[in-house]
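The values are calculated or read from the model by the stated rules, or taken from the named source; none is laboratory data. Everything numeric here is computed off the predicted structure, so don't read it as measured data. Here Cβ is always computed from backbone atoms with ideal geometry, including for glycine, and neighbour counts include all displayed protein chains.
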């Protein structure tokens with residue numbers, strides 16, 4: 001599975017489940033906050049909404065479980081605040097992430113970040129992991145009309161990097177993220193998040209690796 005980096009002018013990373021093992025933290029935060037609304041959801045149920053913006057996740061479950069919540073933004077605030085605390089207490093990059101970022105920077109490859117998470121959580125992650133300096137531009141789908149699987153967040157990052165979408169390589173872990181990258185006409189690497197059930201639709205990705213370290217070994 002060869003990837004020729006010279007075919008690309010930028011590499012764009014997703015964040016949750018790609019840079020940091022935050023998916024278990026999301027499940028902890030959501031289960032805690034949602035339970036106070038009378039929810040009976042468990043961590044395994046959240047597989048259905050992986051890759052969506054948190055406002056979309058809340059809206060989905062509000063309707064699905066009939067919570068009757070009228071101010072979904074308050075629920076969102078509680079979850080983001082919980083995530084800020086959890087990430088700050090567990091600032092661990094996934095294996096191979098730092099080495100990959102260092103390598104890409106060493107060859108002067110522009111690096112972007114395109115995530116469904118909020119700008120607040122981008123800030124917490126890049127500062128907690130001390131990786132802010134690697135990124136040319138970071139962007140949250142909360143600033144777009146539509147989140148993933150819509151390609152908007154990826155297209156916005158490509159525009160800011162002044163790179164054609166077709167010349168971007170995306171690193172993703174979820175089906176919604178893969179669809180977003182492909183819809184943006186970018187090539188997509190999938191490194192499946194280990195706490196997810198394996199979704200056969202990840203075959204939509206152009207490349208697949210078990211770990212970031214394996215991806216790095218290939219591009220070197």
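Can you name every one of the helices (runs of 4 or more DSSP H) wholly within the stretch 1-117 that holds 1 or more residues which are touching a helix residue (DSSP H, G or I) at 6+ places or on another chain (Cβ under 6 Å) and more than 21 Å from residue 137 (Cα to Cα)? Walk me through it before giving the result.
Working: elements: 23-35, 54-64, 72-89, 97-106.
Helices (runs of 4 or more DSSP H) meeting the threshold: 23-35, 54-64, 72-89.
Scan the stretch 158-168 and tell me whether some residue there is more than 14 Å from the chain's Cα centre (by Cα) and at positive phi.
Our first condition is that a residue be more than 14 Å from the chain's Cα centre (by Cα); within the stretch 158-168, this holds for 158-168.
When the remaining residues are screened for being at positive phi, the result is 162.
Among the residues of the stretch 158-168, at least one is more than 14 Å from the chain's Cα centre (by Cα) and at positive phi, which makes the answer yes.
For the stretch 156-179, enumerate the residues that are touching a helix residue (DSSP H, G or I) at 6+ places or on another chain (Cβ under 6 Å) and either buried (at least 24 other Cβ atoms within 10 Å of the Cβ) or closer than 26 Å to residue 80 by Cβ (or both).
158, 168, 170, 172, 175, 178
Can you name every residue in the stretch 73-90 that is touching a residue at least 24 places away in the same chain (Cβ under 8 Å) and more than 16 Å from the chain's Cα centre (by Cα)?
If the condition is that a residue be touching a residue at least 24 places away in the same chain (Cβ under 8 Å) and more than 16 Å from the chain's Cα centre (by Cα), then 75, 78, 79, 82, 86, 88, 90 are the ones that fit.
How many residues are outside any loop (DSSP other than H, G, I, E, B) and either surrounded by 15 or more Cβ atoms within 10 Å (Cβ to Cβ) or modelled with pLDDT under 80 (or both) if we restrict to the stretch 194-203?
Residues meeting the conditions: 1.
Being within 18 Å of residue 85 (Cβ to Cβ) and assigned to a loop (DSSP other than H, G, I, E, B) is the filter here; which residues of the stretch 118-134 pass it?
Residues satisfying the conditions are 118, 129.
Give the number of residues within the stretch 67-102 that are exposed (fewer than 15 other Cβ atoms within 10 Å of the Cβ) and closer than 18 Å to residue 129 by Cβ.
8
Being more than 30 Å from residue 220 (Cβ to Cβ) and touching a strand residue (DSSP E or B) at 6+ places or on another chain (Cβ under 9 Å) narrows it down to one residue among 67, 26; which is it?
26
One residue is enough: does the stretch 51-61 have a residue meeting the conditions surrounded by 15 or more Cβ atoms within 10 Å (Cβ to Cβ), outside the structural domain of residue 148 (by TED's automatic domain parsing), over 16 Å from the mean Cα position of the chain (by Cα) and touching a residue at least 24 places away in the same chain (Cβ under 8 Å)?
There is at least one residue in the stretch 51-61 that is surrounded by 15 or more Cβ atoms within 10 Å (Cβ to Cβ), outside the structural domain of residue 148 (by TED's automatic domain parsing), over 16 Å from the mean Cα position of the chain (by Cα) and touching a residue at least 24 places away in the same chain (Cβ under 8 Å).
Is it true that residue 185 is outside any strand (DSSP E or B), farther than 23 Å from residue 27 by Cα, in contact with a helix residue (DSSP H, G or I) (Cβ under 6 Å, 6 or more places away or on another chain) and in the same structural domain as residue 101 (by TED's automatic domain parsing)?
yes
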